[in-house]
Ligand SMILES: C[S@@+](CC[C@H](N)C(=O)[O-])C[C@H]1O[C@@H](n2cnc3c(N)ncnc32)[C@H](O)[C@@H]1O
């Protein structure tokens with residue numbers, strides 16, 4: 001099929017999907033943060049293991065979680081990531097969110113996530129994690145407010161490590177969020193965010209990962225819904241971190257479009273996503289920076 005015809009076809013399919021997702025969110029609200037079935041306990045545990053292992057893998061070689069006060073932005077439906085970080089030796093874990101998606105998360109699930117971790121953990125750290133899971137203690141906190149005012153949510157606490165996974169692309173204004181997280185960053189803080197830049201709808205995610213970028217700003221904002229991907233690109237994150245004084249900013253392409261598919265999957269995109277600096281080959285990005 002000629003690329004121009006394919007582009008029009010996928011734009012039409014994407015518009016119908018966008019309309020459907022918009023209607024679903026308007027009717028049902030924002031409830032389910034990822035595609036893992038809430039009934040599949042093993043898959044949920046695998047998922048949180050994978051998130052934590054990804055963070056640890058991408059951390060600069062001279063940085064570990066040990067003795068760090070960690071802040072997670074947008075933990076979604078489980079705080080087991082925090083339990084695992086404590087079990088890896090973090091000093092404390094605080095999660096902040098605009099939606100209380102982890103309301104049904106249980107200490108039992110978090111304990112299982114630690115127990116089923118297939119790597120080395122120190123007994124003393126695991127014990128600290130278990131103690132923290134008994135109840136909301138000062139080293140394990142979850143704060144939610146629809147306004148997502150990070151300094152207010154953190155209530156004077158400062159952090160050595162600020163992490164997120166598949167969350168930043170949902171924040172309404174990344175510039176405000178980055179300004180907010182800067183205010184709670186300790187000197188030397190490392191900020192590491194795994195950002196899913198692709199179309200989120202499973203039905204077309206594989207075949208047309210840049211589908212959300214086919215629409216004009218006008219059309220896309222017409223169908224705004226809570227949690228809608230904000231279409232910010234790596235260049236936007238770099239600019240915002242720089243403006244807030246962060247240094248050593250690094251963007252890692254964790255997943256890219258294969259070379260033989262670049263032509264069809266990066267063509268027919270709306271302005272400004274048709275410019276080279278938008279790095280439309282990048283599907284998952286890891287944005288790392290350090291606060292001096
Ligand atoms: C796709 S979920 C990812 C959750 C989790 N990190 C994971 O990997 O499953 C997106 C997260 O961003 C949060 N979020 C969505 N829209 C937001 C917004 N406008 N402001 C702040 N947080 C938001 C959600 O509550 C959720 O925790």
Could you put 286, 21 in order, starting from the residue whose Cβ has the fewest other Cβ atoms within 10 Å?
21, 286
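Between residue 144 and residue 183, 0.36 nm times their residue separation minus their Cα-Cα distance comes to what?
Working: separation 39, 0.36 × 39 = 14.04 nm, distance 1.77 nm.
Value of the extension gain: 12.3 nm.
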Each label point is 7 Å from the Cα along the Cα-to-Cβ direction; what then is the distance between the points at residue 207 and residue 106, in nm?
4.0 nm
Residues in segment 83-104 that a label on residue 172 would reach, taking backbone N under 16 Å of a point 7 Å out along Cα→Cβ
97-100
Per-residue ellipticity at 222 nm for the chain, helices alone: DSSP H runs ≥ 4 residues times -39500 (n - 2.57), over residue total, nearest 500 deg cm²/dmol?
-11000 deg cm²/dmol
Stretch residue 64-residue 218 to full length: gain in nm at 0.36 nm per residue minus the Cα-Cα span?
51.1 nm
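When you have a sec, figure out the Kirkwood radius of segment 110-193 from all distinct Cα pair distances and drop it here in Å to one decimal? Numbers along the way, then the final one.
On the way: mean 1/r = 0.0668 Å⁻¹.
With all distinct Cα pairs of segment 110-193 included, I get 15.0 Å.
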Rounded tilt (10° steps) of 174-183 against the dominant C-alpha axis of the chain
20 degrees
State whether segment 80-122 is rounded, prolate or oblate according to the following rule on the C-alpha gyration tensor (a ≥ b ≥ c being the square roots of its eigenvalues): a/c under 1.5 gives rounded; otherwise a/b larger than b/c gives prolate, and the remaining case gives oblate.
oblate
Once every Cα of the chain carries one equal point scatterer and solvent is ignored, give the base-10 log of I(q)/I(0) from the Debye formula at q = 0.07, 0.13, 0.16 Å⁻¹, two decimals.
-0.27, -0.93, -1.34
Give me the distance between the Cα centres of segment 43-85 and segment 237-292, rounded to whole Å.
22 Å
What is the log10 of I(q)/I(0) for segment 1-58, computed with the Debye formula using one identical point scatterer on each Cα and no solvent, at q = 0.14, 0.30 Å⁻¹?
-0.71, -1.12
Ranked from fewest to most other Cβ atoms within 10 Å of their own Cβ, 140, 117 fall in the order 117, 140
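Please order 269, 161 by the number of other Cβ within 10 Å, starting at the fewest.
Details: 269 20, 161 25.
Lowest count first: 269, 161.
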Descending Cα extents along the principal axes, segment 1-132, whole Å
60, 35, 26
The FRET efficiency for residue 261 and residue 19, from their Cβ-Cβ distance with R0 = 25 Å and rounded to 0.05, is 0.40
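Relative contact order for segment 211-285: what is it in percent, counting Cα pairs under 8 Å that are at least 6 residues apart? Kindly include the intermediate steps, with their values, before the conclusion.
Working: 56 pairs, mean separation 29.8, N = 75.
Relative contact order for segment 211-285 comes out at 40 percent.
Assuming R0 = 25 Å, can you tell me the calculated FRET efficiency for the pair residue 274 and residue 252, based on Cβ-Cβ distance, to the nearest 0.05? Let's see the in-between values first.
Working: r = 24 Å, r/R0 = 0.95.
Once rounded, the FRET efficiency stands at 0.60.
To one decimal place, what Kirkwood hydrodynamic radius in Å is obtained for segment 188-292 from all pairs of distinct Cα atoms?
Values: mean 1/r = 0.0679 Å⁻¹.
Answer for segment 188-292: a Kirkwood hydrodynamic radius of 14.7 Å.
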Based on the alpha carbon coordinates of segment 65-137, what radius of gyration and maximum Cα-Cα distance (Dmax) apply, in Å?
11.5, 34
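So what is the relative contact order for the chain, in percent, with contacts set as C-alpha pairs under 8 Å and at least six apart?
Working: 488 pairs, mean separation 53.7, N = 292.
Relative contact order, the chain: 18 percent.
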Between 0 and 90 degrees, rounded to the nearest ten: what's the tilt of helix 123-133 against the longest Cα principal axis of the chain?
70 degrees
Percentage relative contact order, segment 53-203, counting C-alpha pairs under 8 Å, at least six apart:
26 percent
Which angle between 0 and 90 degrees, to the nearest 10, do you get for helix 234-243 versus the longest principal axis of the chain when only C-alpha atoms count?
50 degrees
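Bear in mind that the values in this text are calculations on the coordinates, not laboratory data. Since this is a predicted model, take the numbers as computed values, not measurements. Because the Cβ atoms are built from the backbone with ideal geometry, glycine has one as well, and the counts that use them run over all protein chains shown.
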